[in-house]
1. Go over the candidates ARG44, ARG65, ARG89 one by one and state the one that is closer than 19 Å to ALA160 by Cβ, touching a strand residue (DSSP E or B) at 6+ places or on another chain (Cβ under 8 Å) and either buried (at least 23 other Cβ atoms within 10 Å of the Cβ) or among the charged types (D, E, K, R) (or both).
2. Give the residue, chosen from GLU153, GLU189, that is more than 15 Å from ILE135 (Cα to Cα), surrounded by fewer than 24 Cβ atoms within 10 Å (Cβ to Cβ) and in contact with a helix residue (DSSP H, G or I) (Cβ under 8 Å, 6 or more places away or on another chain).
3. From VAL85, VAL43, VAL112, which residue is touching a Pro at 6+ places or on another chain (Cβ under 7 Å) and of a type in the set (A, V, I, L, M, F, W, C)?
4. Name every residue in region 156-167 that is buried (at least 18 other Cβ atoms within 10 Å of the Cβ) and either of a type in the set (Lys, Arg) or touching a Ser or Thr at 6+ places or on another chain (Cβ under 6 Å) (or both), in order of residue number.
5. Kindly indicate whether any position in region 207-214 is touching a residue at least 24 places away in the same chain (Cβ under 8 Å) and not in a helix (DSSP H, G or I).
Amino acid sequence: MSATAGDGIPRIGENEARNLLVELGASLFARGFSVGSAGNISVRLNDGYLITPTNAALGRLSLARLSRLDAEFRPIAGDPPSKEVFMHRAFYQARAEAGAVVHLHSTMATAVSCLADVDPVNPIPPLTPYFVMRIGRTLPIVPYYRPGDPAMEPAITAAARGARAVLLANHGPVVSARDLTAAVQAAEELEEAARLFLLLRTAAPRSLTLAQVEDLLATFG
């Protein structure tokens, strides 16, 4: 059963959130969006958070062993949380509307994060309306930090204040949305946009105009 949080955004109940997180994690893993134990997913509850455990494969998550965090991001049940819990905290604290965060090492988006000659604010141009609708106006690249380095948190927080998603340099994408399903769909759309960008990089593609981007954002939010 869903409930409405203090910010007015409906939150699903914990049992439903656990089931959906395990289901969507398995789907992402099966389709190659993550390999091994790469990537992590979290969802905001009314009184805390669920996040995938450290060293857990998204394709083999356990309902009972998901990490349960309180409202201050302290572990209170389940397995130890992902070492990158600070990455999720950065988005939740920067974006009040964020109900879920998905971090992947998906191939195409990670490839773009490794390019040195792209725009650090908009590395992927608005080639399709769906990219704009899911990701928004900007996709900043956060400078490289080693995985698990908590020094990354202030940089992610600063970038997330103006963007729904970021690319971590030489690491991969982090995407937020109002709920878990939307966050996964946005991560999928980002991977497809990155694929299109890399396919068209040596061509002269037609991007959406600024007016078209603004129309999409005004219509779809």
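1. On the way: ARG65 fails: closer than 19 Å to ALA160 by Cβ; ARG89 fails: touching a strand residue (DSSP E or B) at 6+ places or on another chain (Cβ under 8 Å).
None of the other options fit; the residue is ARG44.
2. Numbers: GLU189 fails: more than 15 Å from ILE135 (Cα to Cα).
Step by step, each of GLU153, GLU189 is checked, and only GLU153 is more than 15 Å from ILE135 (Cα to Cα), surrounded by fewer than 24 Cβ atoms within 10 Å (Cβ to Cβ) and in contact with a helix residue (DSSP H, G or I) (Cβ under 8 Å, 6 or more places away or on another chain).
3. Numbers: VAL85 fails: touching a Pro at 6+ places or on another chain (Cβ under 7 Å); VAL43 fails: touching a Pro at 6+ places or on another chain (Cβ under 7 Å).
Checking each option against the conditions leaves just VAL112.
4. Step one: filter region 156-167 for residues buried (at least 18 other Cβ atoms within 10 Å of the Cβ), giving 156-157, 159-160, 163-167.
Answer for region 156-167, where residues must be buried (at least 18 other Cβ atoms within 10 Å of the Cβ) and either of a type in the set (Lys, Arg) or touching a Ser or Thr at 6+ places or on another chain (Cβ under 6 Å) (or both): ALA163, ARG164, LEU167.
5. So in region 207-214, the residues touching a residue at least 24 places away in the same chain (Cβ under 8 Å) come out as 207-208, 212-213.
Subset that is not in a helix (DSSP H, G or I): 207-208.
Looking through region 207-214, at least one residue is touching a residue at least 24 places away in the same chain (Cβ under 8 Å) and not in a helix (DSSP H, G or I).
Quick note: the coordinates plus some simple rules give every number you see, no bench work behind them. Worth saying up front: this structure is predicted, and the values here are computed from it rather than measured. Here the Cβ is made from the backbone with ideal geometry for all residues, glycine too, and neighbour counts use every protein chain on show.
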